[in-house]
Amino acid sequence: MSLSSSQGRAATPAELSSKRSSRKELIDNSLYPPFLKQMDAKLPGYVREGDIEYPFEETNGAGDENRIRGNWSTKTDYLLATVGFTFGIGNLWRFPFLVFKYGGVAFFIPYLIVLVLAALPMFFMEMVLGQFSSLAAISVWNVVPLFKGLGVAMVLVSCIIAIYLNIVSAWTLFYFINSISFSLPWSNCENSWSGLNCSLGTRISCTEANGTLLLNGSCIIQYANTTVVISGTNPQSIPSLRYFHEDVLMLSTGFTEIGTLNWYLGICVVLSWVVVFLCLFQGVKSSGKVVYVVVVLPFIIMTVLLARLLTLEGSLAALTHFLRPDWKALKMFTVWGEAAVHAFYSVACCTGGLYTTSSYNRFHNNLFKDLWLILSVDVITSVICCVLTFSAIGFTCFEFSISLEKFPIRDGFHLVFVFLAEALAGVPVAPLYTGLFFLMVILIIHSTQLFVVETIVTSLCDEFPERLRRNRRHVLTTVCAAFMVLSIPFCLSAGLFWIMLLAEFTITWPLVVIAFLECMAISWVYGIDNLLDNIKWMTGSYPPCYIFWKILWKFICPMVYLSILCFLWLDWQSISYGSYSFPYWTSLLGWAISVFPLLFVPIVAIVQVCSARGSLSQKWASVLNPDDSWGPALAVHRAEQFPLQIPEARRLLISPEVEVIGSRTGLNEEKEVPSELQRDEGRPVSTTFSGKARSAAPTINSMGTTFERETAI
């Protein structure tokens, strides 16, 4: 047998031509139908030329199981990569806000319920399909070609997420660099950007400033020719907010006021993309080692910060508020809606990242254990983020002498860059702890961004393997360079408003629509039984309580996704930032942006139907059933269930005396002639209702392995 390039030398043109001819002859003369084209014969399709190196690959060695795509070096690489991908910035700046606003620890009840009923099943489904096929977001939809547009939509959403995360990473890098000093820029009001309304809370008390303290907590201070009223509960008075607006963003007055470019922020954008490029340069081999830093180090820093913040004044009072449940909040529909939305987004489903990370697993990796481990870590880190945030808020309330209930907490950018930055500025040795905090945020963002970009690159390489797989580094370079150019405009003065528009309309309800369609396609078109068989094929057994999983995938998940979608649409409000309301036409622009990725679902479906062969009914059968290439990537894994599907394995068992008339759709009319092997041995032949011949005798492949199972021929 000739050796391919990955096994020592490249095959000659003559060998390749001979290989293609012999394979084509075997396929043409074979009885085998494509995988699931006829539901009574559940066989994988033929392995495409170039998808495998040779029929029975060695999978027991220490090297890569899949020598073309590669695999994770160790299982720990995969676990850390998936934990880093799911543990995003939302766990830090969104979840604590929801817990603070909606009943404290009571909010965990609806959150965990929806996490188990809706987020966990979709998480598991994407892991299974990715590992089973060893394909990323687009090509994995060979399972149901009609819905291949979902993969395109996932990649497009990932493109927007990559730009969004890069901008936030650039802001954080800007803060981190400016934290390396003896005095933090936002720790005082002595800067050109501070303004008259800048207030340091009790660090310069109202009495020390010769002011008059009012009953509502406000302070009237008389300057030379000006009287200033400062409110301790007004976020406009916090110097960290002034710093964020005036120095970091150079924020303009509106969406259309483009303003000037912050070149320092632009340099941070470039540096962020360079880091992403270097981390992904060697594929999963390099990113699998980077995760030991970008995933493990944030947990260490989080522990250090938590130990320090818990010793500050006011932190224990805030934790008491966190641990005191408000059970009345559970009666509110809004609480359940917000819990469902966050539970869905917290596991990063429907962006293609889970397909990508799982596709680099070994075929027989036990996914079910990984599922619970990854989600448990995600929930635990969310709790730690809550404790960290509440401790900082409690200390801030103590400094500003305001009650915790009146604290004007906001989620998103404000929680990280304003309130937490302000709290850490008052800690002794503030530059040290502030630098650690923003380093942690940078690592959290990059742990997600790395695999968002990897999803885009891998999806393109898997969809166009002949052209792009060998040029993966060129694809990575092009993607990073293009996104770097697209990120620069967000460094303008109006960049904050633009990035808010993208986040509000793209990283919200379109993902829920994708989840609903994805669940319906796999549950009702491909079939839950087939998905469970795929799990058993990989792990050796069905998942525990598989009936429960079937109910979740087929009924509960679609209903929950529709409920989340209705909640998002009914609860939608026009975008605003502080006192500024976005123009009306920006909402129309946002809806257009959000619909754009979803348009590829019907467009690709039409293309798939038109490109299929045969009559209209055959076209529909072709696009609603798995493609011929669907199945495990390696022939050795296909042969575990269907040994005769491999041409070299069935050569001794199948006689080319069978004429197959029809197209590749599998809806063929067949005239069967018993083979010489069957006639000579007198083997009993049973037939299914479609006329396919089945042999109950054990078969032996070309490597001498006996397969003790009923094998369709």
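For the ranges 383-392, 343-352, what's the packing order if you count other beta-carbon atoms within 10 Å of each residue, average per peptide, and put the highest first?
343-352, 383-392
Can you check what the net charge comes to around E338, using other residues whose Cβ is under 15 Å from the Cβ of E338 (Lys, Arg +1; Asp, Glu -1)?
Spelling it out: positives minus negatives among the neighbours equals +1.
In this model, which of K285/K619; K289/K369; K369/K619; K289/K550; K554/K619 are farther than 30 Å apart at the alpha-carbon?
As for pairs spanning more than 30 Å Cα to Cα, those are K285/K619; K369/K619; K289/K550.
Peptides 325-337, 122-134, 424-436: what's the order by average Cβ count within 10 Å, highest mean first?
122-134, 424-436, 325-337
Taking 0.36 nm per residue of separation and subtracting the Cα-Cα distance, what length does fully extending E246 through Y542 add?
The E246-Y542 span can extend by a further 100.8 nm.
What nm value, rounded to one decimal, do you get for the distance between H364 and S574 when each label is placed 7 Å out toward the C-beta?
6.2
Just need the relative contact order of segment 313-411 here, percent rounded to a whole number, with Cα pairs under 8 Å and 6+ apart.
This gives 61 percent for segment 313-411.
What is the gain in length, in nm to one decimal, between V304 and L432 on full extension, counting 0.36 nm per residue of separation less the C-alpha to C-alpha distance?
My answer for the length gained is 45.0 nm.
Using per-residue counts of other Cβ atoms within 10 Å, averaged over each peptide, order 95-107, 442-454, 563-575 from highest down.
442-454, 95-107, 563-575
Between the alpha-carbon centers of segment 236-290 and segment 521-548, tell me the distance in whole angstrom.
Centre-to-centre (Cα) distance: 43 Å.
Values quoted throughout were computed directly from the atomic coordinates according to the rules given, and no laboratory measurement underlies them. What you see is a predicted model; the values in this text were computed from it and never measured. Every residue, glycine as well, gets a Cβ built from its backbone with ideal geometry; the counts of neighbours run over all protein chains shown.
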